Amino acid sequence: MTTAVQKAPRINSEDAVGIAAELYDLNVSAAPLPSERDQNFYCEAGDEQFVLKIANSGEALEFIELQNQLIHFLTANKIELEFPRIVRTRTGEDISTIKDQNGRQHFVRLLTWVDGICFARAGPHGRKLLASLGRALAQMDAALAEFDHAAAHRSFYWDLRNAAMARELIRLLPESRRSLVERFFDEWEKIDWSRLRSSVIHNDGNDYNVLVSKPEQRVAAILDYGDVVYTATVCELAVALAYVMLDKPDPIGAAAQVVAAYHEIYPLTEPEIDSLYTLAVTRLCCSVCYAAKQTRDAPDNEYLNISNAPAWSLLDKLSDMPLDWPTKVFRYACGLPVVREQTSHLRPAPSELLEARKKHLGPSLSISYQAPLHIIAGSRQYLYDSEGRRYLDCVNNVAHVGHGHPYVVRAATEQMAVLNTNTRYLHELLIEYSERLTATLPEPLSVVYLVCSGSEANELALRLARAHTGRNDVIVVDGAYHGNTSAMIDLSPYKFDGPGGRGCPSWVHKVSMPDVYRGAYHGSDAGKLFADDISREARQISDALAVFFCESALGCGGQIILPSGYLREAYAAVRAAGGVCVADEVQTGFGRAGTHFWMFETQGVVPDIVTLGKPIGNGHPLGAVITTPEIAASFANGMEYFNTFGGNPVSCAAGLGVLDVIRDEELQNNALEVGEYLKQALRELQNQHSAIGDVRGLGLFLGIEFVRDRETLEAGGSEAAYVVEQMKERGVLLSTDGPFHNVIKIKPPLVFSKADADFLVSHLDAVLKEDSPAIQN
Ligand SMILES: Cc1ncc(COP(=O)(O)O)c(C=O)c1O
């Protein structure tokens, strides 16, 4: 391998000023810029800024031409990145030449300066910026798929296909480091290049070549086209990831944000995803090997050492990780099953499973869809059936941070391998989790009981309320569902008024559903008027009233968003009558509301007891009750509260993992942004299709109500069911609910993206446009 350092022109700033004057007629001031092989100068002429680029003498003319053509091509492609303009010489040339003192010829170009802060200095690198980098690279690669140039087909030492050249330099590394690097090069050897797509790529999205517009947290430009090469397309992303991972507390998590955004714009193939990590880490290995050689050859070139120390510390960090972990995370980032599933021919047919199910499982279990789905894997917001078909999951709010999120899976499985026992022993995870959970809640909600489901959480909430008030009765909202246990069925009009139900028990008092679409009140004072119903009820039973149970938004009731002021008035009335207030956040909690972490916060109230479930463990059976020290004290009447599984260390690890991911992936904000975007798009659809009577929701908790007549509000239950079936055929999973089963529920994992929203809306539009007797528009 020959690097061109020896052939770099020996030109100083004074020479650069002369070159600018002579070739470009420009009167500039000049300062040198760092470069590996060439010499570049920052030039200012009045308020214009340029880069004077003097190539090393070994560079071929056609390679310089390639770079210029690439700039022209990408500029013309109108991708959302800025590119420099090529300034012509006074004689109209794009490329000129100079001779250095040794008589060697160098090609010269003048490019306009592109403003921005380099990525390396634009930290901290939040989700928005990382996603922007992924999108920028993806747009560039998508455009370059149509570009070619003979000079790009070259043997270049920074081409990751040629990493063997770097590997030969391992002997120059400190002896203690060699095996670490060898191990990664061994992985590189295993890459099957024939399975990877090829194209011309930029090949050097390093943190000094990527420019950022800081206020917008957006990548504005990717500069320096001197490493352009025709190679495996995925190397583009791999190179950028090597630099993204530098100095990050969680390098793989940061890289995954870039990968996810890239994949959304320019989907990676499975072999590309599976080789991505190896390629990224190979780039780091190449960097340290070449740096070792170049430091030996040119000890005074500072640029060569720029990323050396962080690269070593990153390599150390990565070498402590199981080799397959990053690929699992990247697969997840792309919505692929993290663990590859067996092929379909080894599986029983769905019809066999259905038969066996009928034989061995209680017939009161329901199953979704006319032709039931045999789902065998999940990743992010996607589910996969036994035929390998992918479905966009728009309903599963249990897989809150995404199906099979590898961080949550790892947290739970690692703890499972160490210890799983009950709360009768001291354990730091129980404390840490309780502290983290209560930190998300307002005072005085500071005492936690961990349980195993939402039903169990509500059961315990009922016991707490009764113990505290010494009373028995409960006010519930019509249409509510609070769980599957005996007492919770008694508290759930959704069940006791439904098929097989035995009606409202004497100790339960039902108030009307605060539904501003279908209910009695609609205007700005609807919240207060609906709450008056509760005041009346509370006054009537004041000696008996223990507790008011209310979901912070009604799920089974049909995605009903509580009108403003409702809980404030209701809580005041209940408390005045001596009762306490339970917020059932089982459906709605953990950032889904977008604006707030808990949905009850949107009502400006503080409950006495909060119950949590579903999303809390991302699928691990976990629930929680959080209350005040006062209520907890009333419950401590001498009877032990023991829960075999509640609060075990594995559950705590899963719960902590969920909280970490919500924070690190900024999922509450995603719920807000994507939820608003989707609601808006659905409202536009409502304008076109009269079958949609109402679109409502907060964050990623949305409902679409179907009607046959917008005046009479005759419910379109069969229409909603038809749409759900058709959407399933199109790869979108939805479900219906509400008293008339005419409301389509949307409550996906919070990793749901705008692209998913577009996919959902375009298919919904297509279904509603179909000429079907099932729907009248
Ligand atoms: C609002 C609400 N509360 C409680 C529950 C019961 O939770 P689980 O099924 O985990 O027992 C549910 C379940 O759907 C629910 O929607």
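Some notes on this structure:
- Leading residue by the ranking (surrounded by the most Cβ atoms within 10 Å (Cβ to Cβ)) among those in region 132-171 that are among the polar types (S, T, N, Q) and within 23 Å of residue 195 (Cβ to Cβ): 162
- Residues located in region 704-722, provided they are hydroxyl-bearing (Ser, Thr, Tyr) and buried (at least 18 other Cβ atoms within 10 Å of the Cβ): 722
- Just one residue in the set 369, 391 is over 17 Å from the mean Cα position of the chain (by Cα), within 15 Å of residue 749 (Cα to Cα) and not assigned by TED's automatic domain parsing to the domain that holds residue 257; that residue is 391.
- Within region 108-131, the residues that satisfy the criterion of being part of a strand (DSSP E or B) and either open to solvent by less than 10 Å² (accessible area, probe 1.4 Å) or farther than 13 Å from residue 210 by Cβ (or both) are 108, 109, 110, 111, 112.
- Within region 419-530, helices (runs of 4 or more DSSP H) holding 2 or more residues that are more than 12 Å from the ligand (Cβ to nearest atom) and touching a strand residue (DSSP E or B) at 6+ places or on another chain (Cβ under 7 Å): 428-439, 454-469
- Test: residue in region 400-410 that is assigned to a helix (DSSP H, G or I), in contact with a strand residue (DSSP E or B) (Cβ under 6 Å, 6 or more places away or on another chain), open to solvent by less than 20 Å² (accessible area, probe 1.4 Å) and more than 16 Å from the ligand (Cβ to nearest atom): yes
- Hits in region 78-93 - residues which are modelled with pLDDT of 90 or more, over 20 Å from residue 42 (Cβ atoms) and among the acidic types (Asp, Glu): 93
- Residue in region 30-41 that is open to solvent by less than 60 Å² (accessible area, probe 1.4 Å), modelled with pLDDT under 95 and more than 45 Å from the chain's Cα centre (by Cα) present: no
- Filter result for residue 337 (free of Cβ contacts under 8 Å to residues at least 12 places away in the same chain and either open to solvent by less than 40 Å² (accessible area, probe 1.4 Å) or assigned by TED's automatic domain parsing to the domain that holds residue 177 (or both)): no
- Number of positions in region 206-224 that are more than 20 Å from residue 149 (Cα to Cα) and part of a loop (DSSP other than H, G, I, E, B): 8
- Among residues of region 453-479 that are in contact (Cβ under 8 Å) with a residue 24 or more places away in the chain, those with a Cβ under 7 angstrom from a residue that is within 15 Å of the ligand (Cβ to nearest atom) and among the basic types (Lys, Arg), sequence gap 6+ or separate chain, pair up as 454/614.
- Some residue of region 298-317 being more than 18 Å from residue 193 (Cβ to Cβ), among the polar types (S, T, N, Q), buried (at least 21 other Cβ atoms within 10 Å of the Cβ) and assigned by TED's automatic domain parsing to the domain that holds residue 174: yes
- Criterion (modelled with pLDDT of 95 or more, acidic (Asp, Glu) and open to solvent by 50 Å² or more (accessible area, probe 1.4 Å)) met by exactly one of 62, 14: 62
- Flag for residue 344 being modelled with pLDDT of 85 or more and surrounded by fewer than 22 Cβ atoms within 10 Å (Cβ to Cβ): no
- The number of residues in region 142-179 that are touching a Phe, Trp or Tyr at 6+ places or on another chain (Cβ under 9 Å) and at pLDDT below 95 comes to 1.
- Residues that are open to solvent by 50 Å² or more (accessible area, probe 1.4 Å) and hydroxyl-bearing (Ser, Thr, Tyr) within region 483-502 comprise 486, 494, listed in sequence order.
- Test: residue 21 is open to solvent by 30 Å² or more (accessible area, probe 1.4 Å) and assigned to a strand (DSSP E or B): no
- Complete set of residues in region 189-205 that are of a type in the set (A, V, I, L, M) and part of a strand (DSSP E or B): 200, 201
Quick grid of which residues meet (1) open to solvent by less than 10 Å² (accessible area, probe 1.4 Å); (2) in contact with a Phe, Trp or Tyr (Cβ under 6 Å, 6 or more places away or on another chain); (3) not polar (S, T, N, Q):
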site: 231; (1), (2), (3): yes, no, no
site: 240; (1), (2), (3): yes, no, yes
site: 243; (1), (2), (3): no, no, yes
site: 259; (1), (2), (3): yes, yes, yes
site: 263; (1), (2), (3): no, no, yes
site: 270; (1), (2), (3): no, no, yes
site: 284; (1), (2), (3): yes, no, yes
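- Taken over region 454-482, the residue count meeting the criterion of being crowded, with 22+ Cβ neighbours inside 10 Å and under 17 Å from residue 626 (Cβ atoms) is 13.
- Those residues of region 585-609 which are within 23 Å of residue 473 (Cβ to Cβ), within 12 Å of the ligand (Cβ to nearest atom) and open to solvent by less than 10 Å² (accessible area, probe 1.4 Å), in sequence order: 585
- Residue 383 being outside the structural domain of residue 732 (by TED's automatic domain parsing) and not acidic (Asp, Glu): no
- Scope region 610-644; condition assigned to a loop (DSSP other than H, G, I, E, B), away from the ligand (no atom under 13 Å from the Cβ) and open to solvent by 40 Å² or more (accessible area, probe 1.4 Å); matching residues: 636, 637, 638, 639, 640, 641, 642, 644
- Residue count for region 531-561 satisfying the condition of being aliphatic (A, V, I, L, M), open to solvent by 10 Å² or more (accessible area, probe 1.4 Å) and within 15 Å of the ligand (Cβ to nearest atom): 1.
- Checking each residue in region 413-435 for being among the aliphatic types (A, V, I, L, M) and open to solvent by 70 Å² or more (accessible area, probe 1.4 Å) picks out 416, 417, 418, 426, 431.
- Top-ranked residue in region 573-584 [being without any contact (Cβ under 8 Å) to a residue 60 or more places away in the chain and open to solvent by less than 10 Å² (accessible area, probe 1.4 Å); ranked as farthest from the ligand (Cβ to nearest atom)]: 581
- For residue 80, the conditions (1) surrounded by fewer than 16 Cβ atoms within 10 Å (Cβ to Cβ); (2) out of contact with any Lys or Arg (no Cβ under 9 Å at 6 or more places or on another chain); (3) outside any helix (DSSP H, G or I) all hold with the exception of (2).
The values are calculated or read from the model by the stated rules, or taken from the named source; none is laboratory data. Since the structure is predicted, the reported quantities are computational estimates derived from the model, not experimental observations. When we count neighbours, we look across all protein chains shown, and the Cβ atoms used for this are built from the backbone with ideal geometry, even at glycine. We work out accessible area using only protein heavy atoms, side chains counted, and drop any ligands, DNA or RNA first. Shrake-Rupley method; radii C 1.70, N 1.55, O 1.52, S 1.80 Å.
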